[in-house]
Ligand code: HEC
Ligand code: HEC
C-alpha cells in the first residue's frame with residue numbers, strides 16, 4: 001500500500017509542471033496544434049506552405065519563415081535538442097516579445113514592428129501544442145512535397161486543376177469507373193451537350209448510369225466560371 005502511495009506521489013510530481021495543474025498537463029496531449037495555430041496566430045502570420053508573401057499588407061513574417069529561421073539560429077547539439085529549445089523559445093516569446101530576443105533580422109523587425117504580447121490570449125499548454133505542430137509541419141521535406149504538389153497542379157489544364165481542388169477525384173477517375181463514371185465516359189455521352197454536364201455538376205445526378213447506385217452530389221456553391229472550365233476539360237478528354 002505504501003508503495004502504491006509513493007508511486008502516485010511520483011506520478012503527480014512528474015505530471016505537474018511548474019505553473020500548470022495536473023488537469024492542464026493531461027489535456028496538452030489532446031490539444032490540436034494545427035487548429036490552435038489557425039485560431040491564435042493566422043490573423044498576422046501567413047500559414048501557407050509555401051507562403052504567399054505580400055510586403056505591402058503582411059503584418060508578420062510567414063510561419064514557415066519563423067520555423068525555418070528559428071531552427072537555423074537556435075543552437076543545439078542535435079536536431080531534437082534544437083527543436084526542444086525552439087519550442088521553449090516560442091512559449092516564452094509569444095508572451096513576452098522583446099527586440100533583444102527576436103531572431104528576426106533588423107530589416108524585418110523594422111518592417112513589421114515588434115510582435116504584440118499574446119499574454120492572456122493563449123495558455124502555455126496551447127503554445128506547446130502550437131509550437132510542436134510548427135516544427136513538425138514546417139520542415140524542408142514538407143515544403144518540397146508541397147512545392148511538388150503545387151507544380152503538378154500548375155501544370156494541369158485549368159479545368160482539371162479546379163476538379164482536383166474540389167475533390168472530384170475522390171469519386172471520379174479520367175479512365176475508369178470508381179464511385180462515379182469515368183470522365184472519359186461522361187465525355188463520350190455528353191460531347192454534344194456541355195449544358196448537361198454543367199447542370200449535373202451544379203444540381204447533382206442519380207440513376208443515369210447503369211450499375212452505379214451512388215448519387216452525384218450537387219456543387220451549388222461552385223461558381224459558373226469554374227463549372228464552365230471543368231465541363232470544357234471533361235469534353236476535351
Ligand atoms: C497581432 C499580430 C501577431 C499575432 C496574432 C501573432 N504574431 Fe508572431 N509575430 C508578429 C510580428 C509582427 C512578428 C515579427 C517581429 C518580431 O519578431 O517580434 C512576429 C514574430 C514571431 C516570432 C518570431 C520571433 C523571431 O525571433 O523570429 C514567433 C516565434 C512568433 N511570432 C510566434 C507566434 C505565434 C506562435 C503566434 C500565435 C500563438 C503568433 N506569433 C501570433 C505578430 C503577431
Ligand atoms: C461523392 C462522390 C462524387 C463526387 C465528390 C463527385 N461526383 Fe460526379 N458523380 C458521382 C456519381 C455517383 C455519379 C453518377 C450519378 C448517376 O448515376 O446519375 C456522378 C456523375 C457525374 C457526372 C455525370 C452526370 C450525368 O448527368 O450523367 C458528371 C458530369 C460529374 N459527375 C462531374 C463531377 C465533378 C465535376 C465533380 C467535382 C466538382 C464530381 N462529379 C464530384 C459521384 C461523385
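Selection of segment 186-208 for residues being without any contact (Cβ under 8 Å) to a residue 12 or more places away in the chain and either assigned to a helix (DSSP H, G or I) or within 30 Å of residue 50 (Cβ to Cβ) (or both) yields 188, 189, 195, 196, 199. Once segment 165-197 is narrowed to residues that are within 8 Å of ligand 2 (Cβ to nearest atom) and over 30 Å from the mean Cα position of the chain (by Cα), the residue that is nearest to residue 231 (Cα to Cα) is 197. Can you tell me which of 109, 84 is modelled with pLDDT of 95 or more, surrounded by fewer than 18 Cβ atoms within 10 Å (Cβ to Cβ), farther than 30 Å from residue 154 by Cα and more than 16 Å from ligand 2 (Cβ to nearest atom)? Going through 109, 84 in turn, the sole match is 84. Within segment 35-62, being exposed (fewer than 14 other Cβ atoms within 10 Å of the Cβ) and in contact with a helix residue (DSSP H, G or I) (Cβ under 7 Å, 6 or more places away or on another chain) holds for 50, 59.
The values are calculated or read from the model by the stated rules, or taken from the named source; none is laboratory data. All of these numbers come straight from a predicted model, not from anything done at the bench. So basically every Cβ, Gly included, is an ideal-geometry build from the backbone, and we count neighbours across all protein chains shown.
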